[in-house]
Amino acid sequence: RRQDHGDQPKQQQQQQHHSDTKHHLVINDDGDDSASPAAAASSLSSFSSSSPPPSTLPPHILWRSRFFTIALTCMFAVYPTLVLRAFELFNCEQISPSDEESIVLVYDMGQRCYVGAQLSYMLLLGEPMLIIYVLGFPIFCLIMLLKHKMNLPVFMRHRLDLTQNEKFHRQRKAMPLYLLYNGYKPEFYYFEIVVFVRKVTVVVISVFVDQKFKFLLAVLLITVCMMLQLRCNPFQDFVANSAEFASLLVSFSIVVAGLFLEQVSSSSVSNNIATFIIITTAMFYGALSVAIIFSLINDHKDSPILKAIRRKISSFFGSNSHSSGRKEMKMLRRVSNIHDGDDDVIVGNTRSDII
């Protein structure tokens, strides 16, 4: 047939060849309409061999992505401590109002501020920590999120103009930022930066604010965060939003209790407030642990281990239900065999069995 149509353009020849191939899948050489399994298998094998294998990332890009993920995880763990240590280098206090030389470092009263070694530490260590850790790390995370915004899975799933291979490569570029955007709604993919700002604000209040206003500012900050959480609900999961609001509520209760604890002089009242703080914290972590366990069970409900546990539980309760059913049948038989002379005896026995 290709020889007969040699004068046709190459595109028409290819279309004719594809139509012949499809026709060969449903018509035998004898001309009947029964399918040919051997021809279908050979055609499918030729199609599968011609399709390109799934591409993988080069090793250096893969290792760079893993290194970035590990570094980001470590920074998440040590970020509050680094912010606290950076601010401690600037926390100075004047002991005597009339003596200007009595300005000392709060966390080391033997060190005078703005002179000697303390000045060197402040300039050579404190300021770089402020620039790199306190301000630089959240800004860097925000820039990376904005740069890879369209590569995030929450946005890529709605892109119909890209192939699966292109989606795979673009999502792999955003995978090192998994800790920053995972769990948030698409419109709140940047909300982890808000959490960074909240952490820095807490450290600033605890280090620089006077003791008289520290609890009041902490209550104000937690109230603003609770209102923001209720207004936005940034997480995709209802359990995550509820846990975040519960944690803020527990923090609010602990701060208010600490405010009362500072003002009260009675030991019995102080003990009651401390007991309330301990019980509230324990209840919160207990409820959070139960919620996490149920969430994990719901996410892995099709795993073989959970299926085996469910089978054992159902078999256990099933055996108990069968035994109770047999007992009820015996009782019904005994009641059905009641005669006129021994009504009280039989009925008494059935009542005792029920009890």
Would you mind listing the helices (runs of 4 or more DSSP H) fully within region 92-169 where at least 1 residues are aliphatic (A, V, I, L, M), open to solvent by 40 Å² or more (accessible area, probe 1.4 Å) and closer than 30 Å to Tyr79 by Cβ? 116-121, 137-147
Kindly evaluate Phe208 against the criterion of being touching a residue at least 24 places away in the same chain (Cβ under 8 Å), of a type outside the set (Val, Ile, Thr) and open to solvent by 60 Å² or more (accessible area, probe 1.4 Å). yes
Can Val224 be described as under 26 Å from the mean Cα position of the chain (by Cα), under 19 Å from Lys199 (Cα atoms), modelled with pLDDT of 90 or more and not polar (S, T, N, Q)? yes
Provide a single number: the residues in region 177-205 that are among the β-branched types (Val, Ile, Thr), under 18 Å from Ala243 (Cα atoms) and touching a residue at least 12 places away in the same chain (Cβ under 8 Å). 1
State whether one or more residues within region 117-134 are over 17 Å from Arg85 (Cβ atoms) and either over 27 Å from the mean Cα position of the chain (by Cα) or modelled with pLDDT of 85 or more (or both). yes
For region 261-304, which residues satisfy the criterion of being under 24 Å from the mean Cα position of the chain (by Cα) and not in a helix (DSSP H, G or I)? His300, Lys301, Asp302, Ser303
Tell me yes or no: at least one residue of region 25-35 is within 30 Å of Val194 (Cα to Cα) and either at pLDDT below 75 or open to solvent by 50 Å² or more (accessible area, probe 1.4 Å) (or both). no
Checked region 233-242 for anything part of a helix (DSSP H, G or I), open to solvent by less than 30 Å² (accessible area, probe 1.4 Å) and in contact (Cβ under 8 Å) with a residue 24 or more places away in the chain; matches are none
Considering each residue of region 119-137, count those that are in contact (Cβ under 8 Å) with a residue 24 or more places away in the chain and not β-branched (Val, Ile, Thr), and give that number. 8
Complete set of residues in region 89-137 that are over 29 Å from Val197 (Cα atoms), in contact with a strand residue (DSSP E or B) (Cβ under 9 Å, 6 or more places away or on another chain) and of a type in the set (D, E, K, R): Glu100, Glu101, Arg112
I'm trying to understand the selection: among the residues of region 248-260, which are under 26 Å from the mean Cα position of the chain (by Cα) and open to solvent by 40 Å² or more (accessible area, probe 1.4 Å)? Leu249, Ser251, Phe252, Ile254
Working only within region 253-310, note down all residues that are more than 26 Å from Lys212 (Cβ to Cβ) and among the small types (Gly, Ala, Ser). Ala282, Gly286, Ala287, Ser289, Ala291, Ser295, Ser303, Ala308
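The values are calculated or read from the model by the stated rules, or taken from the named source; none is laboratory data. Remember, predicted model here, so these are calculated numbers, not experimental data. Backbone-built Cβ (ideal geometry, glycine too); neighbour counts: all protein chains shown. What goes into the accessible areas is simple: the full protein's heavy atoms, side chains included, and nothing from ligands, DNA or RNA. Shrake-Rupley method; radii C 1.70, N 1.55, O 1.52, S 1.80 Å.
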